[in-house]
Each structure stands twice: as C-alpha cells, then as structure tokens.
Amino acid sequence: MVLLLFGPPGCGKGTQARLISNSLKIPSISTGEMLRAEMQAGTELGRMAQSIMASGGLVGDDIVNTMLAARISRPDCSAGFLLDGYPRTVEQAVFLDGLLRRSGFPPAIILHLDVPTDALVGRMTSRRQCPQCKRIYNLLHEPPKSPGVCDDDGAALFTRKDDREEVFRERLRTYDNLTQPVLAHYQDQEYYQIRGDRSPAYIFEEITGVLERRVERPVEQASRPVSEPLTC
Ligand code: AMP
C-alpha cells in the first residue's frame, strides 16, 4: 500500500504519519525530515536546501525526486510506504506516478487533512520537536509528559526555525498555490478528505476507518473525485 498524506504545514501530518506507520508497519517518509537530516549532516545537498527551506520556498524537483527515488528503493519499502510532504508539485507527482509503475507498486491512495488557516496559525505557535527522534509534540493536543522534554528519549524539545510566524505564513501561501494542482492531478485516484481540526486520536480513528473500509470494498467504489470530498 502506498499512501500520500497531504495537508497544510502544521495540520498534524507528522503525528498521523507516525501513527499510520506504526499501525500498518510501513515506513513513513518525510522529505522535509530527510532534507533537515542532510542539513544537519552538513552535506552538499543540505547546504543547497538550507536557504530555500529557511525562506519557506520549495527545494528543486530534481533534488527531491532523486532523494525520494533512492529512499523508496530500500528494502524496508518493499511492502509499501507512506509519504509525508511529497509530492509538493505536479512535476513531483508525475515523477512519482512513473516511479511507482516502474517499481511495481499499486497506484497511491491519497489522504488529505483539511484544516482552516486560523486554526493552523494557533497550532504552529505550540509546536515542538525532539531533535533526536524527530517526534513532534503539540502543547495543546499532544504535550510531552514533562514540559519541554521528549517522552521517548528525554531530549530537550525545540521550536523549528521554519515554524516562525513569517516563515510559516509564507509556507502556507506556497502550500495553497502549489497543492491545488497536485490534488487535481490525483482526482481520478483514490482520494479521501479528512477534517483535520480535531484531536490527533480522533483523526487517526477516522483514517483507520477509511483504510479498513477500503480493504472491504473494490477500489472503484472507494474512489472519490477531488471535487466531491469524503468528509469522514
Ligand atoms: P516539511 O517538514 O514537509 O514542512 O518541509 C519543510 C521544508 O522542506 C519545506 O518548506 C520545503 O522547503 C522543503 N521540502 C520538503 N519536502 C519538499 C518537497 N517534496 N519538495 C520541495 N521542497 C520540500
């Protein structure tokens, strides 16, 4: 199963990706995390991506496509995987379609988390991340057990640079401009729109329900066009 998780920055994609990955036992691949890892490691790719990411823009398709193709060719992806933050452009979506076909994967299933902008801005100011295991917390919905400290490894949580408000608003604008054509690209594929302005546990329950129901139904019946969202 190949899942594409869409949603604006700060919508809780990272949390849902982790929950889905644990539940389906498939890797969750975030191109944002991969790029941040490159930056931290000080690689040439990381240096190229750094200024673009800091300004809220998108890293070039060629760079991200090459990075993604290498990642999904690894053995842990053989039974499927979930992509978080990719594809971000129609060019990436076209590239991914071809890559999936050539690699013998089924067409991707699209999960779209939809959250109003006002709710997003509020959420972002309360987002924290663990520098070690990359887990994302939200002080409102998913706080750590001890303030400022990761539940899993005890590392001090931090606020990501690209979560600063002006950078965040630029990311939202970029997201809006670029995502609509990408979602339109997938209108003939399995597409599920899920309200993301609720608790992570509630959202996850709905995603699980959607995926379970689709296993019980033929693919054609489970499909929804992008213009007729399935709000679960
Ligand atoms: P994210 O963690 O997914 O919000 O990504 C953080 C930043 O990494 C984005 O604002 C982009 O600058 C870059 N990035 C992540 N994924 C992609 C992608 N698929 N295409 C281009 N840039 C990306």
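Observations, loosely collected:
- Computed E for ARG213/ALA54 - FRET, C-beta separation, R0 45 angstrom, nearest 0.05: 0.60
- Charge dipole magnitude, Cβ of K and R +1, D and E -1 - the range 1-53, Cα centre, debye nearest 20: 180
- For the chain: relative contact order, % (alpha-carbon pairs under 8 angstrom, 6 or more apart): 26
- Under 5 Å from the amide H of ASP151 lie the amide H atoms of LYS145, each residue being 5 or more positions distant or on a separate chain, with H modelled from the backbone and absent for Pro and chain starts.
- Candidate aspartates and glutamates for bridging to LYS25, where Cα separation is under 14 Å - those fewer than 8 sequence places away on the same chain excluded: ASP76
- Cα-centre dipole for the chain with unit charges at Cβ (Lys and Arg positive, Asp and Glu negative), debye to 20: 400
- Along the chain, the longest continuous region that contains none of the trypsin sites (Lys or Arg not before Pro) in a DSSP loop with at most 12 other C-beta atoms within 10 Å is 26-144.
- Here the range 60-112 and the range 128-168 have alpha carbon centers that stand 27 Å from each other.
- One decimal place: the segment ASP197-SER126 gains 24.1 nm when fully extended, by the rule 0.36 nm per residue minus the C-alpha distance.
- Here the contact order of the range 64-151, divided by its residue count and restricted to Cα pairs under 8 Å and six or more residues apart, works out to 14 percent.
- Think of each Lys and Arg Cβ as +1 and each Asp and Glu Cβ as -1; about the Cα centre, that makes the dipole of the range 94-200 roughly 240 debye.
- Proximal charge balance of LEU4 [Cβ under 13 Å; K/R count +1, D/E count -1]: -1
- Accessible surface calculations at 1.4 Å, restricted to protein heavy atoms, place the range 1-84 at 42 Å² per residue.
- Mean residue ellipticity (222 nm) of the chain, computed from DSSP H runs ≥ 4 via -39,500 (n - 2.57), nearest 500: -15000 deg cm²/dmol
- All lysines inside 17 Å of LYS134 as judged from Cα atoms, apart from same-chain residues fewer than 8 positions distant: LYS13, LYS145, LYS161
- For the chain: rounded, prolate or oblate by the Cα gyration tensor [a/c cutoff 1.5]: rounded
- Positive-pole candidate from ALA155, VAL210, ALA79, dipole of the chain, charges at beta carbon: ALA155
- FRET efficiency, LEU99 to THR174 (Cβ-Cβ, R0 25 Å, nearest 0.05): 0.60
The values are calculated or read from the model by the stated rules, or taken from the named source; none is laboratory data. Everything quoted here is computed from the prediction, not taken from an experiment. Because the Cβ atoms are built from the backbone with ideal geometry, glycine has one as well, and the counts that use them run over all protein chains shown. Only protein heavy atoms, including side chains, enter the accessible area calculation; ligands, DNA and RNA are left aside. Shrake-Rupley method; radii C 1.70, N 1.55, O 1.52, S 1.80 Å.
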